Amino acid sequence: MSATASDSIMETGTFVNCFLLVISLVIIPVNGGYDKERDALLKGTFPQDFIWSSATAAYQIEGAWNVSDKGPSVWDTLAHQGRVYNQDTGDVACDSYHKYPEDVALMKQMGLKYYRFSISWPRIFPTGEQQDGVNQDGVRYYNALINELIANDIQPMVTLFHWDLPQVLQDRYGGFLNNHTTNTTVIHDLFGDYARFCYQNFGDRVKYWITFNEPWITSWLGYGVGNFAPQHNEPAEGQYKAAHNIILSHAKAYHIYDDEFRAAQNGQVGITLNCDWGTPKTPADADAALRYVQFFLGWFAHPIYKNGDYPEVMKTTMARKAQEEGRTTSRLPEFTPEQKLSISGTGDFFGLNHYTTVEVTDACCTPIENPNYDTDKDVGTGHAPDWPRAASSWLYVVPWGIRNLLGFIKEEYGDPEIYVTENGRSDHDQDPAIMMDMERICYYMMYTNEVMKASNMDNVKVKAYTAWSLLDNFEWLSGYSERFGLHYVDFNDPTRTRYPKASSVFFKQLVRNNGYPEGSEFTKYVENMWYFCHNTTEAEVNGYTGGASQISSLFSLFLAIPMMIAYSLIA
Ligand code: BGC
């Protein structure tokens, strides 16, 4: 680009920035939730080698649900029973099985050097068991995707299990409920075999492995509440049994890598845990908030990253409940001493998915007739009235929550290297489509800035940030009604064309700037947007389609469009 052309573009940028500044002063921040000191913009950059990535998962994007020999997963079953909103299914989804080169091109266009995706177990082993046969077409597909990524200088970060358990394993063995208290549990070995096969076939090119995505969801929603696949409803115990097996299966897969592959392949293996930050509603609720986080994150993180066993507060709480319920043993299973040894320390990095925060109150200790994981915690949860909301009913926008959570992980688990493997915000599926997705831009702006505070001010070893999601996709029970993508996908169009949203342009600039460097045009833009972002989200409290949308569309019209044009020209 010639000096004159780039100068005039920079001038356009400067003009837009001045315009933004004036407008942000005119839209007086009326937000009670905004804390000047806590929420101030931090200028600076992430460490040089910081990993910027975006993520997807097999069932949510691939489609091709029965192509070649792929076996059905528990999510195929659930969706085909019509249990998803609008009877949506993942049969075609984003059709990434066929369109993966386009997905890679989108990442390339955004300057992303990493991509987190998951392998579908039943696409590799149709029944889940290697001895029953391997689907070579599935192996070909993942090889092609990985090769396409590498050819475009994008590192694959692979999740082995993102909820799509082979249906046959659920039918044959009860899935993750299989013999949870014995040493000979089949499911551990089967997961180990599957992991080994993936290391063997893809590990020459894949250097980051995530064994399980959010075992909390599989355990509680899949085997406790049972509204997620495989729809097992046993809320008193199902989640504890499943979690027990998942932790042991994870440890198995970790050791297989350690013993058989690490020396030659030199990669890393971890697990991705999800956790909402729990903030006490009043100072008197501090212990309850801690208990909430221990039951949520500690349930999995304590055994894996601390000492091979469940958190003390979980064990004592559950022991007391057993007494109150007249049981001879706790509903929380116990690990044997050998198992504890094999579980402890099985994470080369700490994968974290985080989206939101809850306000916690103490609700100790009323005995409950039908106990379940929710009541076991002895807490109540709610949300502060000034926390803005996204389209997903559970998603409240509380950026400072992620900084607190990262600090907690640093302190509690011996300062591990943390990869934020998911963070993002949903919009409704509406007409006209939300392409100028300013609320998503604000979300990424505010949350990544809090991550930078954790990294640069609190010395948390955050090594990666991953946007969920690269594409709008199948949002589990909500089907296609909630959109998390940086790119819009038209699910009524058989070609599933992808369209970049404004947030993809923003994210590209964020990656290019590696944060918010002092003096850059990008940071000036962010600075001028800062109050608007907090202000907009505040207005949203009054209803998603209320004031905020009006401000938002006004904003889109007068500010976002010129801003985006200016920045995509600079890009
Ligand atoms: C999951 C994703 C999901 C996202 C938004 C995470 O819990 O890993 O699969 O789409 O949250 O709900």
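The values are calculated or read from the model by the stated rules, or taken from the named source; none is laboratory data. What you see is a predicted model, and the numbers here were worked out from it, not measured in a lab. All Cβ positions, glycine included, derive from the backbone under ideal geometry; neighbour counts span all protein chains shown. To get the accessible areas, we keep the full protein, side chains included, count just its heavy atoms, and leave off ligands, DNA and RNA. Shrake-Rupley method; radii C 1.70, N 1.55, O 1.52, S 1.80 Å.
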In nanometres, the difference between 0.36 nm per residue of separation and the alpha-carbon distance of residue 150 and residue 316 is 54.9 nm
Order the following by accessible area, largest value first: 241, 321, 281. Probe radius 1.4 Å; ligands, DNA and RNA are ignored.
-> 281, 241, 321
Once you have the Cα-Cα distance between residue 415 and residue 495, take 0.36 nm times their residue separation minus that, and quote the gain in nm to one decimal.
-> 24.2 nm
For helix 521-540, what angle does its Cα long axis make with the longest principal axis of the chain, in degrees from 0 to 90 and rounded to 10?
-> 70 degrees
Considering only protein heavy atoms and a 1.4 Å probe, what is the carbon-and-sulfur percentage of the accessible area of the stretch 3-570?
-> 52 percent
Using 7 Å Cα-to-Cβ label points, what is the residue 172/residue 87 separation (nm, one decimal)?
-> 3.3 nm
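I'd like to check one number: the per residue accessible area of the stretch 3-570, probe 1.4 Å, reported in Å² as a whole number.
Per residue, the stretch 3-570 has an accessible area of 36 Å².
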CD proxy at 222 nm, helix term only [per DSSP H run n ≥ 4: -39500 (n - 2.57); per residue of the chain; nearest 500] | -12500 deg cm²/dmol
Spin-label point model (7 Å from Cα, Cβ direction): what's the residue 205 to residue 189 distance in nm?
-> 3.2 nm
Computed accessible area, residue 256, all protein chains, 1.4 angstrom probe, square angstrom | 10 Å²
As straight-line cross-link partners of residue 99, the qualifying aspartates and glutamates (C-alpha separation under 18 Å, not fewer than 8 residues apart within one chain) are 62, 91, 137, 148, 472, 490, 493
Quick one: go through the stretch 273-309 and flag any residue whose amide nitrogen is under 16 Å from the point 7 Å out along the Cα-to-Cβ line of residue 323.
-> none
With everything on Cα atoms, drop me the angle between helix 238-256 and the longest principal axis of the chain, reported from 0 to 90° to the nearest 10.
-> 80 degrees
Exceeding the 28 Å Cα-Cα cut-off - candidates 70/113; 281/463; 306/461; 463/508; 453/524 = 70/113; 281/463
What ³J(HN,Hα) values, in whole Hz, does the Karplus curve 6.51 cos²θ - 1.76 cosθ + 1.60 give for the stretch 303-319 when θ = phi - 60°, with x put for Gly and Pro?
-> x, 6, 9, 10, 9, x, 9, 5, x, 3, 5, 6, 5, 6, 4, 6, 5
All lysines inside 23 Å of residue 321 as judged from Cα atoms, apart from same-chain residues fewer than 8 positions distant = 241, 377
Can you send over the solvent-accessible area of residue 377, 1.4 Å probe, protein chains only, in Å² to the nearest 10?
-> 10 Å²
Binning every alpha carbon pair distance of the chain at 10 Å from zero, what are the percents per bin?
-> 3, 17, 29, 27, 16, 6, 1, 0, 0
Could you please put 436, 529 in sequence from largest to smallest accessible area, using a 1.4 Å probe?
-> 436, 529
